[in-house]
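Peer 1: This is the structure I want to talk about, given as C-alpha cells.
Read-outs throughout are calculated quantities, based only on the coordinates presented, and are distinct from any laboratory measurement. Not measured: the values here are computed from a predicted model. When we count neighbours, we look across all protein chains shown, and the Cβ atoms used for this are built from the backbone with ideal geometry, even at glycine.
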Amino acid sequence: MATNPERVRGVTHRWLGRAALLGVLASSGCLAFERPTLRVAEVRLGSLGFQGGSVAVTLQVDNPNGYTLESEGFQYRLAFSDGADGKGEWVTLAQGRDDQKVSVAARDTASVELDVPFDLSALGDALQRLLRRGELEYRFTGELRVTRPRSVRVPFDERGVFRP
C-alpha cells in the first residue's frame with residue numbers, strides 16, 4: 001500500500017501546529033499558578049553613617065509551584081509605628097525598589113537579602129522611639145515582580161519588632 005507524501009506532510013504539519021499551540025499556551029501562563037508567599041525572616045541594621053544608613057531585610061520566598069519562578073525584583077516600603085504595639089500611624093523610613101533577579105526552584109524556598117537605604121533625617125523619630133522602648137515595630141510592604149512563567153505582581157505586608 002503506497003502512502004501519499006502530501007497527506008503525510010499535512011498530518012505532520014497539523015501535529016506540529018498543535019504541539020506549537022500547546023507550547024504557546026503553557027508559556028503564556030495557562031499553567032496552574034499558585035502565588036508564592038513572602039515573609040520577613042530577619043531585619044537588622046546594615047550600616048550607619050553621618051547622612052544615612054541601610055537596613056538589611058532578609059525575605060524568604062516560597063514557591064509552591066511545580067516549576068521555577070523568576071522575578072525582576074521588588075518594590076518596597078519600610079515603615080515604623082509611632083504608637084504602642086503598632087497601633088499608631090506608620091511613618092515611612094524608606095521606600096524604593098531593588099532590581100536584583102531572583103530565581104526560586106519548583107517547590108523550594110529562596111532567601112533574598114534586600115539592602116534598604118534610608119536618610120538620617122528619616123531615622124530621627126524611629127531612633128528616639130528605639131532608645132526609649134528598646135524596640136521598634138516595623139511594617140515591610142511591597143510587591144515581588146514575577147516575570148516567568150508569567151508576569152504577575154505578588155504583594156506582601158509583613159509586620160514585626162526590631163530589637164537591636
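Peer 1: In the neighborhood of Lys101, defined by Cβ-to-Cβ distances under 11 Å, what is the net charge if each Lys or Arg adds +1 and each Asp or Glu adds -1?
Peer 2: -2
Peer 1: Still on this model: Once Rh is set to the Kirkwood radius over Cα pairs, what Stokes-Einstein translational diffusion coefficient, in µm²/s, holds for region 101-164 at a temperature of 25 °C and a viscosity of 0.890 mPa s?
Peer 2: In µm²/s, the coefficient is 167.
Peer 1: May I pose another question? Within 15 Å, Cβ to Cβ, of Pro164, how many net charges do the neighbouring residues add up to if Lys/Arg are +1 and Asp/Glu are -1?
Peer 2: For residues surrounding Pro164, the net value is +2.
Peer 1: While we're looking at this one, here's another question. Can you give me the orientation-averaged projected area of the convex hull built on the Cα atoms of region 33-119, in nm²?
Peer 2: If I average the Cα hull's projected area over directions, I get 6.7 nm².
Peer 1: Taking amide H positions as placed 1.01 Å from N in the peptide plane, with prolines and chain starts having none, which residues 5 or more places from Gln100, or on another chain, fall under 5 Å of its amide H?
Peer 2: Distant-sequence amide H within range of Gln100: Phe74.
Peer 1: Mind ranking 67-77, 104-114 by how tightly packed they are, going by the mean number of other C-beta atoms within 10 angstrom, highest first?
Peer 2: By packing density, highest mean first, the sequence is 67-77, 104-114.
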